[in-house]
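Values quoted throughout were computed directly from the atomic coordinates according to the rules given, and no laboratory measurement underlies them. Every value quoted in this text rests on a predicted model; they were computed, and no experiment measured them. Please note: Cβ atoms are built from the backbone with ideal geometry, for glycine as well, and neighbour counts cover all protein chains shown.
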Ligand code: G6P
């Protein structure tokens, strides 16, 4: 989304950095800024809008210097204002930084740094980084960067300079591209090779966890794998007052959706901006078929994605689980794109399927939560779900991040194809409202707790749904069995009559997900089949549907939204239901027996 540019050498830096920004501006941006250094004199200029606005501000200023950094921004955290435009500086106006990526734990860092006396001027995630570097700066910039990176969680490709450690650029990368062009006595840094090509033939593509220190005469690169932040934070603090990580993570579901869509929706164009796909947008235009591969909960998200992609992007899509796909003989061609969905990015079966597809030479795309994971490194391109760390073994908020990302991916591919502007606008607008609606749904928690008490003595459960909510039924059943050890099965509503109905009696309740959508009437028929056999039914319905009360034993409501987005609301209730059942049954909710968070073996 954002792009960085930097220069250090013997020439005038400003024209080269400005040219770098211009050459990288094809992906869209809404503001820009530069910082130029001449000895101890640092000058920072920023402008909102087009690069021309920045150029105008630079006119007649005769800014000379041979090291500079620049940035074009696509707003994600905080509006399009000069204060939110890069470069950012520390309290002493010593350190300046431009950044491409997202700092996931910025709020936590910011709160801590403010307590320590740092003053912030923007709403961005990036600004926390520059203050953190300031905290560790004792005269040597790369040393301060190295220490700061240990506390940062997220993605970054950044360039930083310090007045008090002059004639030096430090660049670091994790999951956001960063390249260094090498010429005689000069170095050019950028996010994109197009900015380097006119100036240097030799290029170094920084790897994840690498930190480069660049002076006009030298370039050093060190690689330091940063320990996972998760391990450094005491558990109790992380639970933030919740009795279990799982409950905390369910309560974070609206935020997970918000984070996934932040800065990515373009309401006026009825489209989305997924920066990670920029480099293959043309290739994606030519794709004729999608294969989605995932395991566990991520597999159910992919199944919802299959419905979205076929209905709205008009692309044939099929979904498989990693452990099956890796041993199939899938028929693929160069017009197929394989999409891998994973929270951890380390699931062995999903990775094996990915490697198999790479072997076949087809386009591979990852939808992943964990930054820098194997899946993000091995797929050709990808989109982060940005759900934040998920600690409970049973996946909850990551599922919401995956659904939101798949909805955006659908709009992205749909708008490249036949999706009309009005439809794009409608989906984007409805999607932007989902976090608020999800917060509404969470207010039903006390009601679900009561329902759990009512259902606690049953040993078997069916979960049924159709179309978009069929995978949600699978997810609801999986969650219940994972953490409460009760027997639960998910079925497509229409499939009950082909066998499972034989089990229904007054002791075998069904949770029926039946929002007022295109298959509502069909679901009502399925519910009737259950009632005719004395089965108890707990329905998840759309607010305002009073009729359903006459048919079922209990109802919980979700607000109205677009059919394809209903899973993001209905599943929250099922996650809460599984959680409260498990609380009543006294199981080890965050670490259920026999299960692991990330299954890195076959
Ligand atoms: C394990 C976890 C599940 C998760 C699945 C896939 O089985 O217990 O919660 O859905 O792996 O994990 P992934 O990290 O690939 O999404």
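With the cut-off at 26 Å, report for segment 105-234 the share of all Cα pairs above it, as a whole percent.
The calculated P(r) of segment 105-234 puts 24 percent of pairs beyond 26 Å.
On a full-extension model of 0.36 nm per residue, what is the gain between residue 279 and residue 120, subtracting their alpha-carbon distance, rounded to one decimal in nm?
The residue 279-residue 120 span can extend by a further 53.9 nm.
Whole percent per 10 Å bin, from 0 to the bin with the longest distance: what is P(r) over all C-alpha pairs of segment 259-409?
Per 10 Å bin, starting at zero, the Cα-Cα P(r) for segment 259-409 comes out as 12, 46, 36, 7, 0 percent.
How big is the convex hull of the Cα atoms of segment 6-49, per residue, in Å³?
Output value, Cα hull per residue: 64 Å³.
What FRET efficiency comes out for the pair residue 60/residue 185, r = Cβ-Cβ distance, R0 = 35 Å, nearest 0.05?
Between residue 60 and residue 185 the formula returns 0.75.
What FRET efficiency comes out for residue 163 versus residue 334 if R0 is 41 angstrom and r is the Cβ-Cβ distance? Round to the nearest 0.05.
Result of the calculation: an efficiency of 0.20.
Roughly what % of Cα-Cα distances in segment 27-88 sit above 13 Å, to the whole percent?
Tail of P(r) above 13 Å: 60 percent of Cα pairs.
Most exposed first by the Cβ proxy, i.e. fewest other Cβ within 10 Å, how do 253, 310 rank?
310, 253
Give me the extension gain from residue 502 to residue 215: residue separation times 0.36 nm, minus the current Cα-Cα distance, reported in nm with one decimal.
95.8 nm
Can you check how the C-alpha radius of gyration of segment 458-602 compares to 2.2 N^0.38 Å, as a plain ratio?
So segment 458-602 has a normalised radius of gyration of 1.03.
Relative contact order of the chain: what whole-number percent is it, with Cα pairs under 8 angstrom and at least 6 residues apart?
11
Antiparallel DSSP bridges in the chain: what percent, to the nearest 5?
Rounded to the nearest five, the antiparallel share is 60 percent.
On a 0 to 90° scale, report how tilted helix 397-416 is relative to the longest principal axis of the chain, with both axes built from alpha carbons and the result rounded to the nearest 10.
Here the helix axis deviates by roughly 70 degrees.
Please state, to two decimals, what the Cα-based radius of gyration of segment 77-129 comes to when divided by 2.2 N^0.38 Å (N = residues).
Ratio of Rg to 2.2 N^0.38 Å for segment 77-129: 1.05.
Using the basic label-point model (7 angstrom from Cα toward the beta carbon), what is the residue 359 to residue 426 distance in nanometres?
Between residue 359 and residue 426, the simple spin-label model gives 4.4 nm.
Could you sort the peptides 197-210, 137-150 by per-residue average Cβ neighbour count (10 Å cutoff), highest mean leading?
Peptide ranking by packing, descending: 137-150, 197-210.
Would you kindly calculate the translational diffusion coefficient of the chain, applying Stokes-Einstein with the Kirkwood radius from alpha carbon pairs, for 37 °C and a viscosity of 0.692 mPa s, and quote it in µm² s⁻¹ without decimals?
Answer, rounded: 129 µm²/s.
Rounded to the nearest 0.05, what FRET efficiency do residue 205 and residue 545 give with R0 = 41 Å and r taken as the Cβ-Cβ distance? Could you check?
0.15
To the nearest 500 deg cm²/dmol, what mean residue ellipticity at 222 nm is calculated for the chain from DSSP H runs of n ≥ 4 alone, each contributing -39,500 (n - 2.57), summed and divided by the residues?
Value at 222 nm, helices only, nearest 500: -10500 deg cm²/dmol.
What is the order of 222, 211, 266, 159, fewest Cβ neighbours within 10 Å to most?
Arranged by neighbour count, lowest to highest, 222, 211, 266, 159 become 222, 266, 211, 159.
What is the spin-label model distance, in nm, from residue 286 to residue 454 if the labels are put 7 Å beyond Cα along the C-beta direction?
5.7
From the gyration tensor of the Cα coordinates in segment 1-112, what semi-axes in whole Å does the equivalent ellipsoid have, largest first, with each one equal to sqrt(5λ)?
Output for segment 1-112: semi-axes of 22, 17, 12 Å.
In the P(r) worked out for segment 381-442, what percent of Cα pairs fall beyond 17 Å?
Here the long-distance tail beyond 17 Å is 50 percent of all Cα pairs in segment 381-442.
So for 380, 269, fewest C-beta neighbours within 10 Å to most, what's the order?
Ranked by crowding around the Cβ, least crowded first: 269, 380.
Quickly rank 57-66, 525-534 as a protection proxy: mean count of other C-beta atoms within 10 Å, highest first.
525-534, 57-66
Looking only at segment 533-576, which residues have a backbone nitrogen under 20 Å from a spot 7 Å from the Cα of residue 445 in the C-beta direction?
Only 556-559, 568-576 pass the distance filter.
Expressed as an acute angle from 0 to 90° and rounded to the nearest 10, what is the orientation of the C-alpha long axis of helix 520-531 relative to the principal long axis of the chain?
40
Compute the relative contact order of segment 138-292 as a whole-number percentage, counting only Cα pairs closer than 8 Å that sit 6 or more residues apart in sequence.
The value is 15 percent.
Using only Cα atoms and rounding to the nearest 10 degrees, what angle (0 to 90) does helix 445-455 make with the longest principal axis of the chain?
Helix 445-455 sits at roughly 30 degrees to that axis.
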